[in-house]
Amino acid sequence: MFDLQPWPWYITGPMITLTMAALLLIGRRFGISSNLRTICAIGGADKLSDYFQFDWKSQRWNLVFVLGTLIGGFVAKEFLLQDAPVDIHPSTAEALQGFGIQDAGSAFAPGALFGAEAWSNPVAMLALLVGGLFVGFGTRWANGCTSGHAISGLSSLQWTSLIAVIGFFIGGLSATHFLLPTLLPLL
Amino acid sequence: MLRIFLLGLLFGITLTMGEVISWFRIYEMFRFESFHMYGVIGSAVMLGAAFHLLARGRGWKAEGGRALDVFRYDGKLWKSYLLGGTVFGMGWAVTGACPGPLFITLGAGYLPVIVAIIGALLGTLLYGIVRRHLPH
């Protein structure tokens, strides 16, 4: 399996289910965005809002999980995944090149946002900062992200998670089709 | 804790090998131009539903005999799920990363993602401060 480059959806998806099921069976839950709240609480945010006044020590296991994912990303990128470009659909790559993202179709991630050149581009820095801010604010408001709602919530057949996932797509489609066409050429 | 770390390790490897942490895959998903991400999420949800149904039907317990700690979302809070979900979706499309991939991308060596992680923590902080004024 580790020889496959990259993993197809029918390996990746079931591996995600395996992660969720294993966590449940050892008495934990598969939800990652709550770690953002935990990190803020550890950093002293409990003085700013009672939202951060909770027993964060009971959430330490989830930080250990996140540390594992971070090292997993390192291991996969350094030792398993050859520097293969992400083989996106030609029309996606063509659209991106039209917006000036020249490495679309020939890189793993756009250099304009994630390469060394991003540090010297204020637009890239602002996009990452504000985009990240929306991720943090939105997932806490929605009380869950892709792991907690799309995977854990939908698979346990909760209609409220479907509402969250519909929100993910309303936001994602608006940004992709109305904001990115203006933003990407500035990168 | 070691088991949890190893599960995290496996999850980080999975999302990297499956290209879920690639900004390009998220952009492609929101253009509906590839089945890849829908296959990943769809198969994870279907298999997960099979797991939950089996677990309920057969009374599977977590270790120590406790009930499975499944998330319970409150339907009365639907406005926060829709609005918060929409805000998150916009951030997801711009950064190409949901919270898991934010950290995995850093591990994979794309250092500028630190700026998005700082943004996510600031967004969390901001939510904690203003949440009483938001619809829930």
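Since every read-out is calculated from the coordinates, none of them should be taken as a lab result. These numbers were taken from a predicted model, which means no experiment stands behind them. When we count neighbours, we look across all protein chains shown, and the Cβ atoms used for this are built from the backbone with ideal geometry, even at glycine.
Okay, here's what the table says:
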quantity	calculated
Charge dipole (debye, nearest 20) of segment A:9-186; +1 at Cβ of Lys and Arg, -1 at Cβ of Asp and Glu	700
Long-range amide H partners of residue A:88 with built H, under 5 Å	A:105
5 Å binning of all Cα-Cα separations within segment A:1-151, expressed as whole percents from 0 upward	2, 7, 11, 15, 17, 19, 14, 8, 5, 2, 0
Cβ-Cβ FRET estimate between residue A:63 and residue A:97, R0 fixed at 35 Å, reported to 0.05	0.35
Residue-averaged 222 nm ellipticity for the protein assembly as shown, from DSSP H runs of 4+ at -39500 (n - 2.57), nearest 500	-18500 deg cm²/dmol
Using alpha-carbon coordinates, inclination of helix A:159-174 to the longest axis of chain A, degrees	30
Pairwise FRET efficiency - residue B:6 versus residue B:70, Cβ, R0 = 22 Å, nearest 0.05	0.50
Summed residue charge, Cβ within 14 Å of residue B:11's Cβ, Lys/Arg positive, Asp/Glu negative	+3
Euclidean distance between Cα centres, segment A:75-91 to segment A:143-187, Å	24
Within segment B:69-95, backbone nitrogen closer than 14 Å to the virtual label 7 Å beyond the Cα of residue A:166 toward Cβ	B:75-86
Angle in degrees between helix A:9-25 and the longest Cα principal axis of chain A, rounded to the nearest 10	10
Simple Cβ-charge dipole of the protein assembly as shown, Lys/Arg +1 and Asp/Glu -1, about Cα centre, in debye nearest 20	1440
Histogram of C-alpha separations across chain B, 5 Å bin width, %	2, 8, 12, 16, 18, 18, 15, 9, 2, 0
Efficiency of FRET from Cβ geometry, residue B:118 and residue A:120, R₀ 22 Å, rounded to 0.05	0.80
Of B:113, B:36, B:82, farthest towards positive along the dipole that unit charges on Lys, Arg, Asp, Glu beta carbons give chain B	B:82
Candidates A:38, A:146, A:160: whichever shows maximal mean-square fluctuation once chain A is modelled as a Gaussian network with Cα springs under 10 Å	A:160
Descending Cα extents along the principal axes, segment A:73-183, whole Å	41, 35, 28
Cut-off 19 Å (backbone N to label point 7 Å along Cα→Cβ of residue B:60), residues of segment A:132-173	A:147-158
Options B:54, B:64, B:17, ranked by Cα towards positive dipole end of chain B, top entry (Cβ charges)	B:64
Positive-end extreme of charge dipole, segment A:9-186 - chosen from A:48, A:183, A:64 (charges on Cβ)	A:48
